[in-house]
Each structure stands twice: as structure tokens, then as C-alpha cells.
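Some notes on the structure that comes next.
The values are calculated or read from the model by the stated rules, or taken from the named source; none is laboratory data. In this text, all values refer to a predicted model and were calculated from it rather than measured experimentally. As a convention, Cβ positions derive from the backbone with ideal geometry for all residues, glycine included, and neighbour counts pool all protein chains shown.
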Amino acid sequence: MITIFDPASDIDLGTPARESDVQVSLTIDGREISVPSGTSVMRAAALLGTTIPKLCATDSMEAFGSCRMCLVEIDGMRGYPASCTTPVTAGMVVRTQTSKLATLRRNVMELYISDHPLDCLTCPANGNCELQTVAGQVGLREVRYGYEGANHLAEAKDVSNPYFDYDPSKCIVCSRCVRACEEIQGTFALTISGRGFESRVEAAGGENFLDSECVSCGACVQACPTATLIDKSVVEIGQPERSVITTCAYCGVGCSFRAEMKGEQLVRMVPDKNGQANHGHSCVKGRFAWGYATHPDRITKPMIRKHINDPWQEVSWDEAVTYAASELRRIQLKYGRDSIGGITSSRCTNEETYLVQKLVRTAFGNNNVDTCARVCHSPTGYGLKQTLGESAGTQNFDSVMKADVILVMGANPTDAHPVFGSQLKRRLRQGARLIVIDPRRIDLVDSPHARAELHLQLRPGTNVAMLNALAHVIVTEGLVDEPFVKARCEATDFARWRDFVSLPENSPEELGPICGVPAEQIRAAARVYATGGNAAIYYGLGVTEHSQGSTSVMGIANLAMATGNIGREGVGVNPLRGQNNVQGSCDMGSFPHELPGYRHISNEAVRAQFEQAWNVTLQPDPGLRIPNMFEAALDGTFKALYCQGEDIAQSDPNTQHVTAALSALECVIVQDIFLNETAKFAHVFLPGSSFLEKDGTFTNAERRISRVRKVMDPLAGKADWEATIALAEALGYKMDYRHPSEIMDEIARLTPTFSRVSYAELERHGSLQWPCNDAAPDGTPTMHIEEFVRGKGRFMLTGYVPTEEKVNSRYPLLLTTGRILSQYNVGAQTRRTDNVAWHEEDRLEIHPTDAENRGIVDEDWVGIGSRAGQTVLRAKVTERVAPGVVYTTFHFPESGANVITTDNSDWATNCPEYKVTAVEIVRVSQPSEWQKRYQAFSDEQSRLLRERRHAEKAEVRR
Ligand code: SF4
Ligand code: SF4
Ligand code: SF4
Ligand code: FES
């Protein structure tokens, strides 16, 4: 369904919309209205513009009917029914405003107010409190019961959560918070304990909110009609005065937010009800963890230095870009055109990413450009292009609400894509069946009121074997959707694939032991997936970050095609993208072999189009990928790197290899908001801008292009796109844009899948899913409906080749890595927020049996050694991992998780094999040698930063 953006839909209509083919007509206060069957009287009245007072109802949740504020009179019905819980019927005659109703509502309000502190003038919610508003609506002027009786006014506040307070003295026990936590977030952390007068909200599983099961998503705060649950920032700063709609800069869900401002200060981020990816929901990162944007660690002045052991010198923008350009040209003169390159950022906007790849292809004159998707979803790009013809997921998030079977493979949505995770759990509570294929017992396996029917807890590195075994069952048990395959797919490729997966060596009985999963479980999962109705696959980095990542992606596409689960709502192949704009950075031509829109650089016609628009001659051969850049740096043929908004020294595998390569470069130009790990090896630092400081667009995992809107001026004086333009011009290549909308206009002119995208169209629609062109002017929520983008779907052979990373007596355990809800990626942002209250260090998860065998108990310091290196973390003994498998996150640089990971990578794309590293774990009492070296180097770099010179003229230029 295409949604045209309607700003008026911000109004709370009291109860959720209903979908029905049957329209019901009724009369409210003498006016007629027709609404879909099942609509409440309250909503029908609101649609007529009639406000019925309400406290416990809100249109993001099902009606509850507890406050008795919304009473109405209905002809033929006895008493005064609650309009929120009464559905409309044909011919109904409703009165919402009578003197009797007014008296009843005032009486109810009197009772509420008699147990409520009358401190409106000093209350942080003053002016934005529904209780206050409704008291005004019902005309309450006096409270006859007095305030002396039993009340809750002296109850203590719970201020444990770093982001919001709970003040029970203001609670009207409307249960909106409890229902928000259940219906919207799906965590079920809140209950109303006690009865009657003793009723109070309680966070389960702990003494207070912080210790409880609450995941701090903010849904309850959003739902609370009073100041009972309220943002600390509102308490501190006051009520916001204006707001700007923008897009979260954390994960690939791409939630839309209202950045609420007071003057030039950001007060809070409120999830946008009209947000087409999030529908008014959020997670702790987007909702609360934005304080990093103005953190004192922000570097807001350009800096340069000749050597990495020199102190930094603050310089003007002009000096910095002139110095950077002169170094790049010097190096090219000395070592050749291809001795320099650039890395685009999946954290930056589409427009900024487009400019960096354009800078490399034009001003640098080569194709040495790559992006962090290299290390996450490059296999998705390759695998889906080969099979379906387009390097992107096939659905929108809402599609999951039509799925009957949900297969989650190598993804952990409740931690890494939390708002989608909540939506997925909502569908599970409605009865969809869940299969989880993951080495770890992720939360989805057993969460409140949602449980996986099957958890195939496979050994890391055996995804392809698992997919082949599933395919074997589908083919040999006659579960293939033959009409779909016949009509939609290449017959020869299908026949070849069918014969291949039918081989006995691909049976669950043969491959199950390799995966460590009983054959019967694999057979059961295949049957549920193939016969359970609409079946959708969601996968993540647990699929792609392997030596056979691309093979697994093709295996997933094969399963979807074989069962006809593609080309409509409720099905599909859905990569859950990691970073906010990783889809966009790939779309924008960040890979060395592709121009924007995934068109190969060797294609002469495409190249000619760009050559004409950019007024240059483009090189026809692909440039260096990130790992090739490292190799070439160590070989001495690659000498300079422009790295925008990526922290390759922390995020890329085999840290010691990466830092050796960075150390070998003569010029490293880093553009970032903090002096990150990579910047410690830099010679030029260009201060970056946060998402709050610029205009642009992000593209989320659904191919949804959403606006990023500037809410404050860039702290460093330039947005990232402006810095790239300055560097291009210093290199002698003119980039003439006055606003990012003009960059998007150029992207649209040159990229067929974006041809109808513009800022004006984005304003009109709210957001747009590409392809958005003359064939699909309103965008494309579901792809491959009539035919695949490549015409016929292509089954690819997916032979299982075990990874070279094998366990042996020296390294008997397999390490796999992942994310946690409260931290994000390399942690540069979330570590600088109060999210550290939940996760202040990376831990190593180890099974009790493996721990006991090594004499390890919870909290022990343990050394983790692999063929690549050693590090030390604290142990967390848990059954979330199976025996033989250990797990850690990688959010803190000093953890050195990537000191352990190896150089192994995907055969097709070089995506690193982060998910499989053979290791040994031992108890230790001190940090590893690498950690000691890291600490000393970091301390020295911090000193060089602290002692930076504020010279008027940069010494390195003299
Ligand atoms: S905390 Fe707020 S939402 Fe929850 S019951 Fe009290 S008043 Fe209602
Ligand atoms: S913040 Fe979210 S998880 Fe926590 S209690 Fe509120 S709704 Fe539940
Ligand atoms: S789910 Fe992702 S996009 Fe949404 S608020 Fe959380 S981090 Fe931001
Ligand atoms: S709003 Fe209807 S009973 Fe509370």
C-alpha cells in the first residue's frame, strides 16, 4: 500500500483504525458519518472533528475502557456507554455533549484531581498534559472531596532510569503505559500491582526501572497522559517549543522522529506517529541516546599534522583542505594515480556518500572507493543481484504483519533492529509461527507471549549446509511451488539446482551432524516454511559475514523462489541492514565496481552517461576494495586514504593487520565527529557533522528513502557534504551544489531507480521506497511482483565448502560476534551517552560446561586467543550459547574483539568472516599484550590531541 503523507494524522483519534470492506453509517450530534465496520464511536466522532474527553484511550493502542471519561448517550442503549470501547453500528444515533454527560464527566474528573498534586504551574508537563487538558474540557472548577483524605501524593519517585522519571504521585492508573509496553514494545515489563486505591504501576523483574526487564524504549513515556512518566530532559530543560521531523541515525530500521526543540537546544526525540517505518515507536538508542551529538569530545576544528606522533595543529577549513589536497596530489605524482582512495560512510546521508564516490572517480581519477557494506552486507548485494536481479530486500517492514511463518536466520532483531523486532513480536502474538536459525539462544527464541516453534541452533559456519538441507527436504518431499517456478524462474537453472539439492549428501541426515542440528528438526523447519502459508525470511550479518556469505544469500533466495514466497506481501527475502544508511551507501555507487544504481563500471553506455554529467573520463576497471587497499598499503603501492565517517581501525577484522596498513600510509584524511580509532593514525582531521546538523536522506533496510532535516547548525561550520565539496575544489574539481536537494536531483537524473525521487516528492509522501520512477511514481513497497527485476528468477548452485577456520586442540572453541541493544556498532556514539548504564564493557559469553572445564566463573578475566591475536575480556557464563561456542560484542575499542577475528572472507565479496573464529579461552589476570600496546598508543594520541596547537599558521605547511 502506498501512503501519501498527511500531517493532519498527528491528531489522536482515540482508538486504532480498522480495516473493513463494510462501511457503517451513523449520526453523531446530528451529523452523519460513514466509517469502516469495527471503528469505535470515539474514533468516528474524532473523524468528524468532535472531541470526546478521554484519558485511558489513545489511537496507538486498543481501547481499555477504564477511565469512564468518554461516556456518551446512544439511542436505544441503556446507561452511558464508553465511546472508546463501543463499536459503531448502522443507523446508530450518538450524543456526545449533553448536560448529563457534562456532569458525569466532571464528577469523574473530580475524583482524579482529588488524588493529584495541584502543582500544575511547576509541573514539567505543564501545557502538555492530557489530564490538565481534559480537566479544562470538562469545565472542572472545584473539587468537593477536599485533598485531605488518603492519597498518593507523598510517594517516592523512581529516578533510576537515566532518561526518564517515574513519579507515582501523578499516576491516574490509566494503564496506558502497561499496554504500550505490551502491545507496542512487546516486553511486558510493567504491571498494575495492588487493587483499587492501592493500584500502582510496577516494573517487573527488579527493584526499580533500571534493574527491571524494561528496555527503555520510551513507549510508556510516550503513552503516559500525565507527568508520571516523563523525560528527564523535559524536566531539566522545559517543554519544547517547536519540532522538526527527521530520521534516526542509528540502525537500518530508519525510524522517523520529531526532534523537539526549545530555542536552539534539542529537548527530546519523539518517535513520529506518521513514520512509515516505525509508526510512532522507537528504541532506547533513537529515542534517548542522542547526547553524543553535543558531547565535549566532539572535535569542531580541522586539524593537521605531518606524522602521527606529532601533536595536532588546529587550522582553518581552507588550510586543512588545501593541505589534504596537496598531499593527495604529491602522493599521486610520486606513486601514481591509483595510489590513493576513499571510503564512504554508511552513517552519512545518500547525498554525502554520492559525493565521496564522485570525488574519488572524478578528482582522484580512479575507482578506489569502498564502503563499510564491504564488511557487512556486500554478500546481500551480490547474492540477491545474481538470483533476483536487484541488490536489496524485497518487502517493507509492514509486510511482516501478513506473514504466517517467519524464519529469522543469523539476525537478532530485538537487539539490533529493535523497532522491527517489536513489530515482528506483535505478529507472533497474533499467531504467526517462528523458526530461528542461530547459534545463539537470542531473545526471540523465548520472549513473553512469543516463542520460536523451532530453534535450529547450528554451529557457526554451517549456514550453507543448513540451507541445502532445508532445500533438500522441500524438493524431495514435493513441497516446491511448481506453478510459480515454472512461470517465474529459469527452467534450466532450476533443474540443475533441484538435482543438486536432491543428492543424498544434501539430506538433513548427512548435513544435520555437520550443523549440529538433529535431522528431524531441519525436516520440520522445511515443512513449516514451505507449507505454512505466507513465509518470510529475515536475515542479518549472521548470514553474510562468512566465507560463504554470498552463497548463503543465494541459498535463501533459492528457498523463497522454490516455495513461491516472493512477490507479494507477507513473504520475501529481507536482509536486516545494520547501519542507518548502509542500503543507501551501496545504492549511491560506493563499491569500486559499481556506479550509482548498481551499474557496472565496465558498462560503456553507463560510463558515458556519467562522463558527460561529470565532465571527466572514468576508468573502466574496478578499483580496490577495502581489504585490497590494506594489502596494497602494506605492499607500498597504496599511500593515501580519505575516510569519511567510518572507523576501520575498530570495525574491520584482524585489527593488527589494519593498523599496520594505516601506519604504512603517508596521508590519512579522516572526517568524523570524534577522534576515533582510525583518526589516531590520521594526518588530516576534518570535523564531521552529526545527523542533527544537516539536510539529506537516509535509505533504510526497506529501500525507504527518508528525509534527514537540519535542526541545528553544524558545530564545525560545515556539513559533511560541504567538506567534500571543499576538498574536491581544492583538488581542482568543481562541485556546484547549494543544497543537498540539488545533489539528490543529480542522483535522480543519473539513476533509473531514483528518477522520480526529489525533496518535493519526499515532502508529499513522507518517504519513498525505490524503485521510484515513471513505472512506479509512488515507489515500490514490494518488489518482483509480476516478474523478477532480472526477468526470470535464477536458482544458483550452493555447494557447501567448510570454512578454513577450523577448531583443533589448540583452538577448540568457535567465537561468534554480535550487537547488544543499548550499544551501537563501534560504540563511538552510544559509549558517549547514558546507555553505558546497561552495557559498559564487552563480555565473553561462554557455556557453563566450557567454563567449568577451564575453571572459569562469572566475571573472571579470560584470555581469548585465536590464530590472529589475543585479547582479554570478562566472562559471562550463560546457556545462551551452546557448548563449543563463545560470543562477544565489539562496542568498545579496548576489548579488541577484532584483534581475534581473522582475514578469512567471503569468496565473492571479501566480506570478512567475523562470525567464525577458532579460539581458546583461559583464565588470566592481566590484559593481553595487544591491549597494553593499544592503551599506550591511545594514551599518547590523547595527549597529542590535548596538546594540540592553535597556531595561526600551520607549522606543517611552512
Ligand atoms: S504511569 Fe502514566 S500511563 Fe501509566 S498508569 Fe500512570 S498515568 Fe497512566
Ligand atoms: S520503556 Fe519500554 S520496555 Fe520500558 S517499561 Fe516503558 S514501554 Fe516497557
Ligand atoms: S530501531 Fe533503529 S532506527 Fe529505530 S530508533 Fe532504534 S536505532 Fe533508531
Ligand atoms: S477513554 Fe474511554 S474509558 Fe477511558
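List of remarks:
- Hits in the range 74-89 - residues which are more than 16 Å from ligand 1 (Cβ to nearest atom) and either small (Gly, Ala, Ser) or surrounded by 17 or more Cβ atoms within 10 Å (Cβ to Cβ) (or both): ILE74, GLY76, GLY79, TYR80, PRO81, ALA82, SER83, THR85, THR86, PRO87, VAL88
- Selection of first residues in the range 901-923 that are farther than 24 Å from PRO883 by Cα and of second residues that are basic (Lys, Arg) and at pLDDT below 90, restricted to Cβ pairs under 8 Å at least 6 apart or on distinct chains, gives the following pairs, ordered by first then second residue: THR909/ARG374; ASN910/ARG374; CYS911/ARG374.
- Qualifying residues in the range 61-81 (those that are charged (D, E, K, R) and not in a strand (DSSP E or B)) - the one farthest from ligand 2 (Cβ to nearest atom): ASP75
- Residue in the range 887-935 that is surrounded by the most Cβ atoms within 10 Å (Cβ to Cβ), counting only those that are modelled with pLDDT of 85 or more and acidic (Asp, Glu): ASP906
- Flag if ARG105 is crowded, with 20+ Cβ neighbours inside 10 Å and either closer than 21 Å to ARG195 by Cα or of a type outside the set (Phe, Trp, Tyr) (or both): yes
- The residue pairs whose first member lies in the range 204-216 and is part of a loop (DSSP other than H, G, I, E, B), whose second member is within 16 Å of ligand 3 (Cβ to nearest atom) and not β-branched (Val, Ile, Thr), and whose beta carbons are closer than 7 Å, counting only pairs six or more residues apart or on different chains, are VAL215/LEU821; SER216/TYR163; SER216/PHE288.
- Applying the criterion of being in a helix (DSSP H, G or I), over 34 Å from the mean Cα position of the chain (by Cα) and not acidic (Asp, Glu) to the residues of the range 437-494, the residue that is farthest from VAL405 (Cα to Cα) is THR492.
- Candidates are the residues of the range 46-73 that are of a type in the set (D, E, K, R) and within 6 Å of ligand 4 (Cβ to nearest atom); the one that is surrounded by the fewest Cβ atoms within 10 Å (Cβ to Cβ) is ARG68.
- Matching residues in the range 240-277 - criterion: being in a strand (DSSP E or B), more than 16 Å from the chain's Cα centre (by Cα) and of a type in the set (Gly, Ala, Ser): SER243, ALA259
- Checked against the criterion of being farther than 20 Å from TYR824 by Cα, surrounded by fewer than 24 Cβ atoms within 10 Å (Cβ to Cβ), at pLDDT 95 or above and small (Gly, Ala, Ser), the candidates GLY341, GLY336 yield just one match: GLY336.
- When restricted to residues that are part of a loop (DSSP other than H, G, I, E, B) and either over 28 Å from LEU111 (Cα atoms) or within 12 Å of ligand 2 (Cβ to nearest atom) (or both), the range 217-230 contains 4.
- Test result for ILE184, more than 16 Å from ligand 3 (Cβ to nearest atom) and either closer than 30 Å to ARG427 by Cβ or in contact with a Leu (Cβ under 7 Å, 6 or more places away or on another chain) (or both): no
- Scan of the range 165-205 for residues that are away from ligand 4 (no atom under 16 Å from the Cβ) and among the aliphatic types (A, V, I, L, M), ordered by number: ILE184, ALA189, LEU190, VAL201, ALA203, ALA204
- Listed by first and then second residue, the pairs with beta-carbon distance under 6 Å, at least 6 apart or on different chains, first residue in the range 36-60 and more than 27 Å from GLN423 (Cα to Cα) and in a helix (DSSP H, G or I), second within 16 Å of ligand 3 (Cβ to nearest atom) and basic (Lys, Arg), form an empty list.
- Taking the listed residues TYR112, TYR80, the one that is within 14 Å of ligand 4 (Cβ to nearest atom) and over 42 Å from the mean Cα position of the chain (by Cα) is TYR80, with no other qualifying.
- The single residue among ASP415, ASP398 that is away from ligand 1 (no atom under 16 Å from the Cβ), over 19 Å from VAL571 (Cα atoms) and in a helix (DSSP H, G or I) turns out to be ASP415.
- From the list SER199, SER233, the lone residue that is more than 11 Å from ligand 2 (Cβ to nearest atom) and at pLDDT 95 or above is SER233.
- Wholly within the range 745-847, strands (runs of 3 or more DSSP E) carrying at least 1 residues that are out of contact with any Asp or Glu (no Cβ under 6 Å at 6 or more places or on another chain) and either farther than 23 Å from THR247 by Cα or charged (D, E, K, R) (or both): 813-818, 843-846
- The residue that is farthest from ligand 4 (Cβ to nearest atom), among those in the range 278-288 that are assigned to a helix (DSSP H, G or I) and not β-branched (Val, Ile, Thr), is LYS285.
- Any chance SER212 is under 26 Å from the mean Cα position of the chain (by Cα) and surrounded by fewer than 22 Cβ atoms within 10 Å (Cβ to Cβ): yes
- Taken over the range 564-581, the criterion of being buried (at least 24 other Cβ atoms within 10 Å of the Cβ) and farther than 14 Å from LEU384 by Cβ is satisfied by ASN565, VAL571, GLY578, GLN579, ASN580, ASN581.
- Of all residues making up the range 290-315, the number that are aromatic (Phe, Trp, Tyr) and under 19 Å from THR830 (Cα atoms): 2
- Flag for GLN357 being touching a residue at least 40 places away in the same chain (Cβ under 8 Å), assigned to a helix (DSSP H, G or I) and surrounded by fewer than 24 Cβ atoms within 10 Å (Cβ to Cβ): no
- Count - residues of the range 171-183 that are in contact (Cβ under 8 Å) with a residue 40 or more places away in the chain, crowded, with 24+ Cβ neighbours inside 10 Å and either charged (D, E, K, R) or part of a helix (DSSP H, G or I) (or both): 3
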